[in-house]
Every structure is written in C-alpha cells, then in structure tokens.
Amino acid sequence: MATEKIILGIDPGTTIMGFGIIKVINKQMYFVQMNELMLKKYDDPYVKLKLIFERTLELIDTYHPDEIAIEAPFYGKNVQSMLKLGRAQGVAMAAGLSREIPITEYMPKKIKMAITGNGNASKEQVARMLQSVLKLKSLPKNLDSTDGLAAAVCHFYNEGRVEVGKSYTGWEAFIKQNPNKVKKQ
C-alpha cells in the first residue's frame, strides 16, 4: 500500500513570504507548487500579518498538508527586522496550529546544508540544486519561493531523525515545550 504525504514549506517574511509544496509517495519526492505572497505594497504591518495568516490557511485548505516546515528566524543585528520576521513566522505557525498540523522549524543553515551540503550556500545555489533534484523547468525571479520549497525538502530529508528542529503538533505541545515563553495567569 502506497504511503502519501504533503509537506508545506514556508519562508516567512513581511515583504515576501515564499512557500513551496512537495508530495511524498513511498519515500519519493515530487514537486507540487511554489509561489510567493507579495506584501511590499502594503504599509500597515498588521494588514501584512493578516494576509500571511489568510494565505497560509488558504494553502492548508487547498493542499491539505500533513506537515509544515518553516524557516526559523536567523539572529541578526537589526532588532526591528527580527521582530517583524518573528511575527510573520508566528502568524504562519498559528495558521498551521489552528488546523492541528505538525510544524517543524529549521534554521537557515540547516536548510542550506540539507539541500546543498553547504550551510553557507547562496540562495542561488539552493535554487539550482532544487531545480536539479525536483526537475524544475525554470526558477522564479524572486528566490523566496525556492526558500520555502527548500524548507519542505529539508523536512523530507530529515524525516525520521531524532532531532530535526522544534516540532509542535498543536497549542498544547507548544506550551509544554516552551514553558518560559508562556505567561501563566
């Protein structure tokens, strides 16, 4: 009997949110879709967050992923950028958790390492490797969608490994795994 699974990968961002979807049938990976949500034209940060949440729910309701892989924010020097990125990631995660879909976070270096074998690979190197592995005819102009796709492929490659990143199956699991981040009342 064939086993089938859909993995949604998300590269969160408040300017562009990239996403990619793969289907896994009997441990064989197939490309389904990749695209991006363009948010540059919106000035209101709360509108951007609402759109990220709604688009993530739309993807979930359309493709019915079994799991979500999301790129974790990297640690940068600009605190405001980190805050914006964390919020974008949070609303995408909330959308998945509201549908009780397991979520795993991956650091950017881990994703790059899984795809190219080099944790310091460029976006272009990651995109070209995905093009080769998934037999994509062309690559998009913006590589945010390939970054989302890379998160999904990284999750596929790391399946079955004990420590792949932080995983949450719902709000209760998130609270249990993050007792210091949840304020008790």
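In region 113-132, how many residues are in a helix (DSSP H, G or I) and open to solvent by 60 Å² or more (accessible area, probe 1.4 Å)?
7
Okay, residues lined up against (1) closer than 17 Å to A150 by Cα; (2) in contact with a Leu (Cβ under 8 Å, 6 or more places away or on another chain); (3) open to solvent by 80 Å² or more (accessible area, probe 1.4 Å):
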position	(1), (2), (3)
F19	yes, yes, no
Y46	no, no, yes
I52	no, yes, no
Y63	no, yes, no
I70	yes, no, no
S81	no, no, no
K84	no, no, yes
(request) Check K40 against each of (1) assigned to a loop (DSSP other than H, G, I, E, B); (2) touching a residue at least 24 places away in the same chain (Cβ under 8 Å); (3) surrounded by 11 or more Cβ atoms within 10 Å (Cβ to Cβ) and name the one condition it does not meet. (result) (3)
(message) I need the full set of residues from region 134-148 which are touching a residue at least 40 places away in the same chain (Cβ under 8 Å) and either surrounded by fewer than 19 Cβ atoms within 10 Å (Cβ to Cβ) or assigned to a helix (DSSP H, G or I) (or both), in order please.
(response) L134, K135, L136, P140, N142, D144, S145, T146, D147, G148
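This table checks each residue for (1) at pLDDT below 95; (2) open to solvent by 50 Å² or more (accessible area, probe 1.4 Å).
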{"position": "I101", "(1), (2)": "no, no"}
{"position": "P108", "(1), (2)": "yes, no"}
{"position": "A150", "(1), (2)": "no, no"}
{"position": "E163", "(1), (2)": "yes, yes"}
{"position": "T169", "(1), (2)": "yes, yes"}
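The values are calculated or read from the model by the stated rules, or taken from the named source; none is laboratory data. As the structure is a computational prediction, the values presented were derived from the model and not from experiment. No Cβ is skipped: glycine too gets one built from the backbone with ideal geometry, and neighbour counts run over all protein chains shown. Side chains are part of the model used for accessible areas, which takes the heavy atoms of the whole protein and leaves out ligands, DNA and RNA. Shrake-Rupley method; radii C 1.70, N 1.55, O 1.52, S 1.80 Å.
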